[in-house]
Structures are given as structure tokens and as C-alpha cells.
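To start, the structure under review is shown below, and the notes come after it.
The values are calculated or read from the model by the stated rules, or taken from the named source; none is laboratory data. This structure is a prediction, so every number in the text was calculated from the model and none was measured. Here the Cβ is made from the backbone with ideal geometry for all residues, glycine too, and neighbour counts use every protein chain on show. Just the protein is used for accessible areas: all its heavy atoms, side chains included, with ligands, DNA and RNA removed. Shrake-Rupley method; radii C 1.70, N 1.55, O 1.52, S 1.80 Å.
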Amino acid sequence: MPDVLVLVDHDGERVHKSTYELLAAARRLGDPAAVVLGGPGTASRLTEALARHGATSVHAAESAEATEFLTTPAVDALELAVREVRPAAVLVSATTDGKEVAGRLAARLDAGLLTDAVDLDPSGTVTQIVFGGSCTVRARVTHGTPVIAVRPGSFEPEECPVAAVRHDLVLPPIDPAASARVTGRRAALAGDRPALTEAAVVVSGGRGVGGADGFKVVERLADALGGAVGASRAAVDAGYYPHQYQVGQTGKSVSPRLYIALGISGAIQHLAGMQTSKTIVAVNKDPEAPVFGLADYGVVGDLFAVAPQLTDEVAARRAGD
Amino acid sequence: MNIVVLVKQVPDTAAERTLSAADLTLDREDTDLVLDEINERAAEEALTLKETVGAEVTVVSMGPDSALEAIRKVLAMGADRGLHIRDDRLHGADVVTTAKVLAAAVRTVGDVDLVLAGNATTDGQSSAVPAALADLLGLPQLTHAREVSVDEGRVRVERETEDGEATLDAPLPALVSVTEKINEPRYPSFKGIMAAKRKPVETLDLDDLFPDGDGNGFRVSRTRVLTAVPRPARVAGTRVTDDGSAGRHLAAFLIAQKLL
């Protein structure tokens, strides 16, 4: 079986769930081979978890500079690994960083790039959902090593314990004239909430929430459901909630199992980012709101009455478990 | 300072988009074409830098004849000159081809200090072209900026993504991509619109950009779409009006759907 390279997302101590999804996806094409980029010692800490999810080898690219520069070290590590193992494909998570790494790698390799894959078959054909969920496309790479960015949440992680063989990659020194240095980092405000693009439940607020303070109602329901908080463009533009939580055409695309739209009218801008959700619930005062046209369950009413009542019901049920 | 700003003409995001039946590429025939709104903010940032630190701004766009409208709009906003990459062979160009062609176009401008782009276009959404372009040009990438400052030969950016915020720093020349949070683009004035008509716009094709005739330099696409089918439209389900108990009924619905 050919190797399939998987770029590992991690926080230094823990492998992110999206990587287990990539390892499961990779197994359809060959033997998953993890590429770990991080400070010295990172690969040793992560190897057991990667092997448990089927990584037959772990390529360790460890360097003190790994986290000092944006994107370049990851591209360098993958390029080195590709040239060494000649993989059947390279898989990365279709996050902001992942898509940029994928784009740079594909440019260096003069290879085909497919982003936002939601499925993958053993022949290498990729399924993508495009134009804000209105069209399903199947495509394949026709030139070079396929570079595929897989949308988080598209595959189920699978345990498949193997013994992982370690290989060390020696990264080239970083050229500071060709790489941006990261001089400061502030974590996302989400705290304990799951990442918006990975969450099984997303509760979003729109202009109907009425203000930054009103978003507490949205947050409480999201927390009761163990979900992420999103916002419509109108809410973000009005300054109710930060831009990084925007769901829609110019924000994030999400496809959780459950999407709850509170006070969101349902402009095409927004629908484009959420209509692939499995179940959609909408609460809005305006019975004419377009969001009702695609909601599985629509409530015409005041979100400040409906959402807290639902939050209490959820909390009561959770307490009773 | 020399700034190149990259812009693209795209179908209006407020409209439905479809794939053309003939070749499964985005159908641009029957839709309103507009200057991509995030690119417009990149142009605004270039013009702000022109006013604050002094710069010559070249606007570059790859696309069919109509892309000239996008270039003219940025010239009307205040850019100095335009470069239009127009070649029918680029129809359906993928991320790598687009980045290679744009890299060649930036090289023709010469002595560029800053390349500015939007973090994604609203049609392709791969969000990978600016990074790929930086890699091909050997420039540091400072992407997803919501704030940009240029000072003493360095550029600093406040980056905002789903992972949180970061401060990036690099020497010029560099590539910066901006998010839609960066600024509010200006409207072209009547004077600007009139002046734009006299500003120079150069048109180049692939033979101009790749004079060696290196076919691999601009292979149009390294991927092929096999099938494209519209997804069935969603239909409305249960609809209730709150009588004071909708929250409880909603919980019951979620339990029945095994979502709770």
C-alpha cells in the first residue's frame, strides 16, 4: 500500500480530532503516515495517539522555529516528506491554516489541489459541496501528487491500533526574509466551546438578538447543548459579535448535525454558509423570514422567550441523565 | 513604495450561482459581475497606504474582457495604473495556475514592496491563492489581516482566524491578504471616474508572461470535475407560532430527532 501523508493538527500536547478524521480518510487510499511539526519532543508525545488511530509511520519535523513562523515550516516539512516517501496523496484539514499550507505545497509540487473535500473514495475521487451548499461536485487530481484539504467533521475518527515507525525530517533553516514571524498570539475567545467549523451543534445569532449583550442568550443555549456560537453577517457588521464567528458566504461554512438560527432572517449570504447542516431550527419574530423556507423546525416568536426556555429544558434533561 | 493590489471580478454573492453545463466551470454568463468585495477592501488598504506613506499602486486582475471594469473601478478609487491578464486559455484556471500567472504578472511590475489581496474570493473560496502566490514569489505571507501597518521597511499585521489572533511581522517585500474587517472601501468620486479613463492599463496574455512558451508554467488545471449535480433544495418542515411553550416543544422535537 502506498503511504498517504496526513499533516497533524495539535496543540503540542494533544492531537486535534480533525487529524483523527484525516487518518480515517487516509486509510481509504493507503497507509496513513503522520507528519508532525512542532518543538523538540512533540512527536514523542503524540505518537501513541496517532498510532492508535492507524498512523503506520510518524514523520517528525521538530525545530525550535516550528511555531515562530507562519505556515512556512509546515509547508517545508510536507514538501520534504513528499519527496522522501512519494505518497499517493497529502491530506490536511481545511482550516484557514490548512488551506494555506495546501495551496503553497501544491504550488511547489506543481500538483492538483482540491479543497473542502467532504468525501473521498479509494480511486482518489473527492466530493466537494460548492456554492454555499447548492451543488455537489466530484473531482479528481489529474497532475502531480494530489493535495486534498478535508473539511473538518466530514469523516468519523476510527481507532485502528498499529505500530508506528518514526522517521526524522531535518527542516531547512527558515529564511526570515521569506517568512512572516509570529510575534504574538491570543487564543480565540471561544474558551471551552468547540471550534465553529468542527462543532456538532452550532447556535447562531443575527440582528434580531439586538446587541452584544443579547448574545448571552445565544451563548447560554450553545453551552447547554455543548455547541459553538456563530453569528450572521448583519450581527457581526453591527458589532454584536466578533468577525471570526461569522457564518456565511464571506465567513465560515458549517455543517453541524444541528444548526439553530436565532433572530436571523436568512439572507442568501448566511444561508450559503449553513444550509448543509443536517437539521436546521429557526426562531424569528418575522413570519416572512426566508430562513423559515429551509428550517426543519421553525418558531415564529421572540427568541428571548423561546431560547431561554429551550436552554432550561436542555439543562434539565442533561441533569437527569 | 510600490504596491500591487490583486482584484477579481466575481458573480454577485447576493445571487444564485450555477455551473455551466458545457464544461462544469462557474457560469459567469447570466449573472451580475462585480468587483469582489474583499478585494475591494484590499484596494482600499493600498490607497490608504498611498496616502499615508506614499506609494504607486498598480491594480492587477486576471479574467475575461469584463475584468477591465473591476480594474477601472479601482483606478477610479485612486490607483495609478492597471494590468489586465487576459487569455482564453485561462478559463477554469485552478489555484496553482492562478498563483503562477499572478506571480508572473507581479514580476513584470518590478521592484514591488507589497502585494495586497483579499483573503478569499467569494466565488472560489479556496482561500489558498494568496499563500501560494507568496510561496512562488518567495515573499513572507501575512494573511487574514484585520489591521496592517508599514514602517521602516517592515510590515506588521494583526491576523484573525478561527484559532484566535496573532501579530505577524516581516521585512518588505511581502504579501498581505486582508479580511473583510479591515476597512470600509471608499466610493469612487466623479472626478476619480473621469480620471480613471485616462490612466494606463496594460493587457498581457500567457505568451507575454511566459515568453519561453513553457507549457507547464500555465497548465490550466491540475484537477478535473467529473460530475456536478445541484443539491436538492431544502423544504420547510414544522412551523409553529410561540404561545409560551415553543421552547418546550422545540426540546421535544430535538429529543425525537435524537439531537438531545
Let me know the mean shielding of A:304-313 by other chains, meaning the per-residue number of their Cβ atoms within 10 Å of its Cβ. 5
Protein-protein interface of the stretch A:68-105, residues with accessible area decrease of at least 20 Å², isolated chain reference, 1.4 Å probe: A:Leu70, A:Thr96, A:Asp97, A:Lys99, A:Glu100, A:Gly103, A:Arg104
A versus B: buried accessible surface, summed, Å² (probe 1.4 Å, to nearest 100): 7400 Å²
In whole percent, and with a 1.4 Å probe on the protein chains, what portion of the accessible area of the stretch B:105-260 is carbon and sulfur? 50 percent
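Anything over 31 Å Cα to Cα? Flag those among B:Lys73/B:Lys181; A:Lys17/B:Lys100; A:Lys252/B:Lys8; B:Lys50/B:Lys181; A:Lys99/B:Lys199; B:Lys181/B:Lys258, in the order listed. Kindly include the intermediate steps, with their values, before the conclusion.
Values: B:Lys73/B:Lys181 21 Å; A:Lys17/B:Lys100 34 Å; A:Lys252/B:Lys8 20 Å; B:Lys50/B:Lys181 20 Å; A:Lys99/B:Lys199 36 Å; B:Lys181/B:Lys258 38 Å.
Exceeds cut-off: A:Lys17/B:Lys100; A:Lys99/B:Lys199; B:Lys181/B:Lys258.
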Between A:Asp3 and residues 5 or more places away or on another chain, which pairs have amide H atoms under 5 Å apart, with H built 1.01 Å from N, and which residues are they? A:Asp31, A:Ala88
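For peptide B:42-52, compute the average count of partner chain beta-carbon atoms within 10 Å of each residue's beta-carbon. Intermediate values should be presented prior to the final figure.
Numbers: counts 0, 0, 0, 0, 0, 0, 0, 0, 0, 0, 0.
Taking the mean over all residues of the peptide, I get 0.
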Karplus-derived 3J(HN,Hα), 6.51/-1.76/1.60, for each residue of the stretch A:21-32, Hz, glycine and proline x: 5, 5, 5, 5, 5, 4, 4, 5, 10, x, 8, x
Please compute the contact order of chain A in relative form: average sequence separation of alpha-carbon pairs under 8 Å and at least six residues apart, divided by the residue count, as a percent. 14 percent
Carbon and sulfur atoms: what percent of the 1.4 Å accessible area of chain A do they account for? 50 percent
Identify the trypsin sites (Lys or Arg not before Pro) of the stretch B:149-241 meeting these criteria: DSSP loop state and at most 11 other C-beta atoms within 10 Å of the C-beta. B:Lys197, B:Arg198
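Restricting to DSSP H runs of at least four residues, report the calculated mean residue ellipticity at 222 nm for the protein assembly as shown, -39500 (n - 2.57) per run over all residues, nearest 500 deg cm²/dmol.
Details: 15 runs with 163 residues, N = 581.
Calculated from helices alone, the mean residue ellipticity at 222 nm is -8500 deg cm²/dmol.
Excluding ligands, DNA and RNA, what is the solvent-accessible area per residue of the stretch A:1-114 at a probe of 1.4 Å, expressed in Å²? List each step's numbers first, then the result.
Details: 3350 Å² over 114 residues.
Heavy-atom accessible area per residue stands at 29 Å².
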Enter the accessible area per residue of the stretch A:181-306 (Å², integer; probe 1.4 Å; all protein chains in place). 35 Å²
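Go through the stretch A:136-225 and name the GluC sites (Glu not before Pro) that are in a DSSP coil and have 14 or fewer other Cβ atoms within 10 Å of their Cβ. Write down the numbers at each step before the final one.
Values: sites: A:Glu158, A:Glu159, A:Glu198, A:Glu219; in loops: A:Glu158, A:Glu159, A:Glu198.
When the GluC sites (Glu not before Pro) of the stretch A:136-225 are filtered for loop state and at most 14 Cβ neighbours within 10 Å, A:Glu158, A:Glu159 remain.
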How much accessible area per residue does the stretch B:72-133 have, counting only protein heavy atoms and a probe of 1.4 Å, in square angstrom? 29 Å²
Highest GNM mean-square fluctuation, chain B, Cα pairs closer than 10 Å: which of B:Lys100, B:Lys199, B:Lys73? B:Lys199
Test of understanding: in a Gaussian network model of chain A with alpha carbons linked when under 10 Å, which of A:Val203, A:Val300, A:Val92 would top the mean-square fluctuation ranking? A:Val300
Hey, could you pull the Cα Rg and Dmax for chain A, both in Å? 21.0, 61
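Across peptide B:173-179, what mean number of C-beta atoms from other chains lies inside 10 Å of a residue's C-beta? Please report the intermediate quantities before stating the final value.
Working: counts 2, 4, 1, 1, 1, 0, 5.
Averaged over the peptide's residues, the number is 2.
Determine the shape class of the protein assembly as shown: with a ≥ b ≥ c the square roots of the Cα gyration tensor eigenvalues, call it rounded for a/c under 1.5, and otherwise prolate if a/b is greater than b/c, oblate otherwise.
Oblate is the answer for the protein assembly as shown, as a/c is 1.5 or above yet b/c matches or exceeds a/b.
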